[in-house]
Each structure stands twice: as C-alpha cells, then as structure tokens.
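Here is the structure we will look at.
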Amino acid sequence: MRADNSSAQAAFAKAADYLERRPLVSNHRPLSWITQKVCQIVEEPAPKWWWILTIVFGAMATLTPAMLTYLVSTGVGVWGLNVPVCWAWDITNFVFWIGIGHAGTLISAILFLTRQKWRTSINRSAEAMTIFAVICAGIFPAFHVGRVWMAWFLAPIPNANAIWQNFRSPLLWDVFAVSTYFTVSLIFWYLGLIPDLASLRDRATTRLRQMVYGLLALGWRGSNRHWTHYEKTYLILAGISTPLVLSVHSVVSFDFATSIVPGWHTTIFPPYFVAGAIFGGFAMVLTLLIPFREIYNLHDLVTDKHIDNMCKIILLTGSLVGYAYSMEFFIAWYSGNPFEIYAFTNRAFGPYWWAYWAMITCNVAAPQLFWFKYCRQNPWVVLAIVMFPNTGMWFERFVIIVTSIHRDFLPSSWGYFSPTWVDITLFIGTIGLFVFLFLLFVRFLPIINMFEVKGITPQADPHSSEDHHSPSSIPQTASEVHA
Amino acid sequence: MSSSSNLIFGLGAEFSSAGALLEAAKKVHAQGFRKWDVYSPFPIHGMDHAMGFQRSRVSLFSLIGGFTGLATAFGLIYYTSAINYPLIVQGKPYFALESSLPIFFELTILLTAFGTILGLLLLTLLPRLHHPVFNWDRFQKATDDGFFLVLEANDPQFDSNQSRRFLQALGGTHITEIFQDPEETPHPARSEATS
C-alpha cells in the first residue's frame, strides 16, 4: 500500500515536472542579482572588444554623412536611379529599415497586452533597435526628395508659395505615420527606462554619473503612488502603440498600393507588409541579442525559451509572407489582366529573377528549419538562420519596388537598374550607423528591463508569504505554482 | 521649520519581501493614515487596492489628448485643403473622409501619447531634483531589492514614538527617522541604535 502511494506520488511529481512552465529567469536568481548583472555592463570599464567594434562601426557610420554630402553637392544623379526606375535602393532601404523597426514596439506593446511575460527581458533592446532603425530609415526619403533643403515642405508649415501639402497623397500620410511612430516609440522606450535609470543613479559611484542618470531618471523613487500612474500610463501607451505598429507599415504599403502600377496595386499589401516587418524585425532582434547574450553571459535572463519563442514567431510570419507571395501570383492570374500577369511572370523569370529567388530562399524556405527543435535550441544555428530573413527582407523590398517599375507599359520605356557605388556605400553607411548606435546603447543604458524582469520573478508575487531570499521558497512543482 | 520636529520628514521602515510590505500596507491603511507611501523596485500586485487607491486618472489626460489630436487633424486638413487654398488634384474632392483617415489616426495617437505622458508627470509631480526619502542611506535599495514603507510626519496621526512602535509591530526593520534636509540626517549607526 505504502509502495503504491509513493510510486503514485513519484508519477505525479514527474507529471508536475513535465507540466511546469520553464521559469523566465533561470536558476532562481535573487532580485539584487538581476540589478547587479544588468548594471555592471554599464558600470565596468568598457571592454576592449567594445572599443574596437565602436571604432570600426563608427568609421563605417561616417560613410552616411560623407555620401549624403557628395549626393547633395553633386546632384541626385550620383544615385543609379533614373526613368523608368525612379524608386530604387533609397526607397528599398527606407522600407527595409522601417520594417526592422517593427519588432521593438510589437514586443513592447502587443506582447504586453497579450500578457506574454517573456517579453520583459528582450523588450528594451528591441525598442532601442526600433528607434535606431527608424533613424536610418528616415535618411532615405528625406534625401530622395532631391532638393533636401526643401524637405521641410513635407511639414504643414505656411510657406512663401502659399500652397499646402496634398493631404490626399499617401506620401504625406507616410510622413505623418513614420514621424508619429518614431515619437511614440521614443516616448515608450524612455518611459520604460525611467525606473532602471533610477537604479543606475542609486548605484552611481561618481558624481557625474549620479547627475546624468539622476536627471534622466526624473527623480524616480519607486513610490507606489507613482507606480499606480506609471502602470496605467504604460498600459495606455501599449494600447495606442498596438494599432500604431500595425498602421505604420500599412501606410508605407499605401505608397505602393494606391498607385496603378501592376505589381504594386494590390489590396493584400498592408497585412503582407506588416507580417514581413514583424518577420524581419524579430530576425534582427535575434541577430543583435544572441551575441550580446553570449558576451555578457545573460543566459539566465534571455533564456533558451526566449529564443525558442522568437524562432516560432519568425516561422509563423515567414510562412505568412510565403502565403502572401503565392497569393499575389494567384490574384495576378485570376485577374486576367495581361499587365498584372506580365508583372509577376517578369518578377520571377525576368531579368531580376535572381533577386526574386533569393527572396524566396531567404524568406520562405530558410525559416522552415525552425520546425526542428534542434534549430531553435542552438543559438548559433539560430543566428545563422536569421541571417537569411535579414537578407531576404531587403531583397523583398527590392523585388517589389524595382521589378514592378523597370518595365513600363510601353517597351520603349523599359530599363534595367544597377546601383552605383554611392548607392552601395550609403547603405553600408546606414548599417554602420545602426550598429554604432546600438553599441552606444549597450554601453550607456541598461540593455535589459530590470524592473519588469524583477516583477515576473516568483519572489515578486506578494502572495508567496515566505522570505524571498531563501531559495526554498521558490515553488518547485506545478501545484505550488498554481497554489 | 522652526522647531526641530518640523525637520523630520517621516519614519521609514524596511520590509523583507513584497508580501510583507503588502501586509504592512493593508494595516497602515486600516489604521487610517493618509500621508504615507511604500517604495519598491517594481509595482507590487494588489498594492493599489491595499493602499485604497482609486483607479489612476492618467486615462483622462489620454482621452483629452486623443480628442485634441483628432480635432487638430480635422482642422488642419479641412482648413488647408478646402478653405485656405482649395486645389483640384486628380479630380478628387477637396475634403474627403477616406483620404483623411490615416492622418486623423496618426495625430490622434500622437497627441494621446503626449497627453498620457503629461498626465503622468502632473499626477506624480515629476520630474523633481530631490526628495527627503533620498536622505535615508538605506533607501537606494528601493531601486534594487528593498521594500520600504514611510509614514510622513505631516500626517495627523503621526507621533514619533507611537509610529515607531507601530512600524515595529508590523515587522519593519531598520526603522529610521528621515529628515527634510540632508545635513540633518544623523549617522545611520546612531539612528538605528536608538530604535
């Protein structure tokens, strides 16, 4: 009888083990460990690799102002675009960067509203990435206007011509969408930083550090009379950012979809662009997070489960994008419109076939590897696989933009776009700028949202009445977790 | 600030865990204190209820911001396109709801965000450069792993000795008098020895 009982208990314990959710912070780390782990990245002297990388990418970033100066002083002709391909690498790069900027606010807002607690250890760096990507994105359309000193005409400011902006144009909607997205993302990011900046202030060992972080922390003191408003503010910002994230890339896609160019004029564009943006954004989050997780030994905060979840999102959105590619072809055939059919046949088998098949390989085929658990569990395999979406999403924008316009309705206006060295160098410059800004972020701000990670640890639950310092109070089985 | 008792901001106590702080807060609220606060490195679930808060009014500021944004967008588009300089572009109407929706949406969101942040700053009276609780040397743990409760001296129920005993009864440790000015703070070892 007794033996029966103990074997039943063992079976139950095994089942409970199996059912238990993997903790989001491994090894039952205490709260002060989290503070120490994250703050010391900022506090200890900059490691040698940081200086090397920052100098290399900083030098690369200077290519951006150098190329822009050359462009403005010489003329837009230094870019390879010309009739019929008037939108080329510049708009491709714009859409590429703005797409990458989607994962940050998606993680902060949508995963917050859907109570996905695993977002807490990745949202800070993803939001920073968003802001840097949108900065890189903004450069291209601003200079694409040709006479950049006239770029202020985009803003509804009274001017000497007494003419206002055309509010019926999707290009103007885009100005509003991107600038709103940038501003709201920045506010959201800063709001989340305030309590963590206060942590850095309170640990400061030098007067300068104390003053800078102190001013940035706005005098935050962790008062519950503040937390109550803070949490409400965060919830509201998450609530308004959710439709905002979905709207930004929808509005970007309107730039194309409201035109009558075959290949652009499709109603599938908004959801297809948004799925692609989330896909590319998560790939970039993983590209940045995996190396820093290894360097700073953050395995207990950014666990394998986090990486696994992100891989699954990439698999899902990659498949959605694949569905959109095939649906475009179906609709082209179903429409019976010869120009539409031609645009798509030309896309896959025309002179830009290599770009199209690079896109299919990178965006549809490569993420399918994430069906295999092995591929999601090994960070280096993950890093290798996400390089495909990173590349593929650039090709996607190139394919959409260039292949749709390089053959106009009349064969007399057919052309083939090739980038010039200025196009290429400018794009490399923005990559440098993006990584450079991210390196500065890693060095000067807490890369993990400490207060939110603390809030999801078992000891943060006020209803576990035992002393939070003793590891024995950590629930060991599923029944205790749910008790 | 004439008598020395005026210089005391309040009496602080430290608690061992979020749960202990929540229990203490419930009792302080039941005792009828009004000028008091708890400090923690993260928001504690159930604390708003324990302290008897109504729901936060930040959302009112968001609503005002949102309506302002919508009205601004409508005014901007309607005035510029239909009144100040009507211009026919591709035969489209001067003003149409459909083509205005994206900008209506974006400006509504933008000003909602501004309103929300403004509401937060107004309701929390932040930013501020200093606060008396920072004079307490243990207090820097509030952004690390410390859980604190402070009874403020300007509460009508506050009495230096009784309140100290009350905090002790609640299970608070390191009970310390917090002073208004930094120089008034005695050495931590001395103030703890008296408790």
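Those residues that are touching a Ser or Thr at 6+ places or on another chain (Cβ under 7 Å), closer than 22 Å to B:Pro102 by Cβ and not aromatic (Phe, Trp, Tyr), I need them from the range A:135-164; list them, please.
Hit for the range A:135-164 is A:Pro156, nothing else.
Being in contact with a Pro (Cβ under 9 Å, 6 or more places away or on another chain) and either more than 25 Å from A:Ile456 (Cα to Cα) or not assigned by TED's automatic domain parsing to the domain that holds B:Leu167 (or both) is the requirement here; does B:Lys27 meet it?
Taking the combined requirement at face value, the residue does not satisfy it.
What are the residues in the range B:124-140 that are free of Cβ contacts under 8 Å to residues at least 60 places away in the same chain and within 8 Å of another protein chain (Cβ to nearest Cβ), if any?
B:Thr124, B:Leu126, B:Pro127, B:Arg128, B:Leu129, B:His130, B:His131, B:Phe134, B:Gln140, listed by residue number.
Of all residues in the range A:128-178, how many are in a helix (DSSP H, G or I), away from chain B (no Cβ under 14 Å) and β-branched (Val, Ile, Thr)? Quick ask: steps written out before the conclusion?
Narrowing the range A:128-178 to residues in a helix (DSSP H, G or I): A:128-144, A:148-154, A:170-178.
Applying the additional criterion that residues be away from chain B (no Cβ under 14 Å) yields A:128-144, A:148-152.
Remaining after also requiring β-branched (Val, Ile, Thr): A:130-131, A:134-135, A:139, A:148.
Going through the range A:128-178 one residue at a time, the tally reaches 6.
Restricting attention to helices (runs of 4 or more DSSP H) lying wholly within the range A:292-361, give those where 2 or more residues are in contact with a Leu (Cβ under 8 Å, 6 or more places away or on another chain).
So the answer is A:304-335.
Report yes if some residue within the range A:101-114 is at pLDDT below 95 and under 14 Å from A:Leu433 (Cβ atoms); otherwise report no. So that I can check it myself, show each step before the final result.
First, pick out the residues of the range A:101-114 that are at pLDDT below 95: A:101-114.
Now restrict to residues that are under 14 Å from A:Leu433 (Cβ atoms): A:101.
The answer is yes; a qualifying residue exists.
Please enumerate the residues belonging to the range A:429-464 that are among the polar types (S, T, N, Q) and more than 30 Å from A:Ile55 (Cα to Cα).
Hits for the range A:429-464 are A:Thr457, A:Gln459, A:Ser464.
From the set of residues in the range A:87-127 that are outside any helix (DSSP H, G or I) and among the aliphatic types (A, V, I, L, M), which is surrounded by the most Cβ atoms within 10 Å (Cβ to Cβ)?
A:Ile122
Tally the residues that are within 9 Å of chain A (Cβ to nearest Cβ) and either closer than 23 Å to B:Phe9 by Cβ or hydroxyl-bearing (Ser, Thr, Tyr) (or both), restricting the search to the range B:21-49.
Matching residues across the range B:21-49 total 9.
Quick one: how many residues across the range B:67-96 are small (Gly, Ala, Ser), within 8 Å of chain A (Cβ to nearest Cβ) and crowded, with 16+ Cβ neighbours inside 10 Å?
Initial filter on the range B:67-96 (small (Gly, Ala, Ser)): B:69, B:71, B:73, B:75, B:81-82, B:91, B:96.
In the following step, the residues that additionally are within 8 Å of chain A (Cβ to nearest Cβ) were identified as B:81, B:96.
Now narrow it down to the ones that are crowded, with 16+ Cβ neighbours inside 10 Å: B:81.
Residues meeting the conditions: 1.
I'd like to check something: does the range B:109-120 contain any residue that is modelled with pLDDT of 95 or more and closer than 30 Å to B:Leu11 by Cα?
yes
Among (1) more than 8 Å from every other protein chain (Cβ to nearest Cβ); (2) over 22 Å from the mean Cα position of the chain (by Cα); (3) among the hydrophobic types (A, V, I, L, M, F, W, C), where does B:Ala153 come up short?
(2)
Okay, residues lined up against (1) crowded, with 19+ Cβ neighbours inside 10 Å; (2) closer than 20 Å to B:Ile117 by Cβ; (3) more than 28 Å from the chain's Cα centre (by Cα):
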{"residue": "A:Pro195", "(1), (2), (3)": "yes, yes, no"}
{"residue": "A:Leu208", "(1), (2), (3)": "no, no, yes"}
{"residue": "A:Gly214", "(1), (2), (3)": "yes, yes, yes"}
{"residue": "A:Gly219", "(1), (2), (3)": "yes, yes, yes"}
{"residue": "A:Trp227", "(1), (2), (3)": "yes, yes, no"}
{"residue": "A:Glu231", "(1), (2), (3)": "no, yes, no"}
{"residue": "A:Ile236", "(1), (2), (3)": "yes, yes, no"}
{"residue": "A:Gly239", "(1), (2), (3)": "no, yes, no"}
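Here is a list: A:Ile405, A:Ile401. Which entry is buried (at least 23 other Cβ atoms within 10 Å of the Cβ), in contact (Cβ under 8 Å) with a residue 60 or more places away in the chain, closer than 30 Å to A:Leu68 by Cα and under 28 Å from the mean Cα position of the chain (by Cα)?
Result of the check over A:Ile405, A:Ile401: A:Ile401.
The values are calculated or read from the model by the stated rules, or taken from the named source; none is laboratory data. As the structure is a computational prediction, the values presented were derived from the model and not from experiment. Note: ideal-geometry Cβ built from the backbone for every residue, glycine included; neighbour counts use all protein chains shown.
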